[in-house]
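Beneath this line is the structure, given in structure tokens, with notes to follow.
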Amino acid sequence: MRIEFTDDLLSGHEVIDLQHRELIRWANILARPDGAIQQQGKVKQALDFLALYVEHHFRAEERAMQATAYPRLESHRKGHTWFQREVRTLAEGMDNTENVHAALLRLGFLMGDWFLQHIRYEDLRMARWLEDHPSHRMLADEDTIWSYMQASGIDPNDLDDIRFVRPIGIPRPGERRVQQRMVG
């Protein structure tokens, strides 16, 4: 099942939207119908990456909410904690290759149902709050994706073999890096 990033998911916050697109892109990579990532035996690494990137994204949101005294921080954080635990459990379960199909079905449900609803109802509300309270800016860290891939054991140079689409503005390791910038 392919998950689409549709206009109703746009928060108007560049960093949040970029990170949401990237998380959905990785869920789609894992669920590709041709099974390319499964054929290469990279499901565990890709799930490890996704778990790290989910944690990074949620931490960034929570810092922004805390810095602006967002009134729904605790309930928002509870949802994050639950989702992180679910994705981490899937990644840890990949030590047994018999679990691949079930894990990818579960991931499809988590991303296609819970995550999209979370964006629509929780993150859009939070983004409006951040827009009204501009004292905090989230940093767009374009090195994060590559560093998490490497920490997960994914060789970014292997990505072309499964024809992943590299996000615009994200260079390969060793290429000139785009500097961090403040966006709001």
What spacing in nm lies between the two simple spin-label points modelled at D113 and R21, each 7 Å away from Cα in the Cβ direction?
2.8
Separation in nanometres of the label points that stand 7 Å from Cα toward Cβ, at A102 and Y121
2.8
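The numbers here are math on the coordinates, done by the rules we state, and not lab data. Keep in mind it's a predicted model, so treat the numbers as computed, not measured. All Cβ positions, glycine included, derive from the backbone under ideal geometry; neighbour counts span all protein chains shown.
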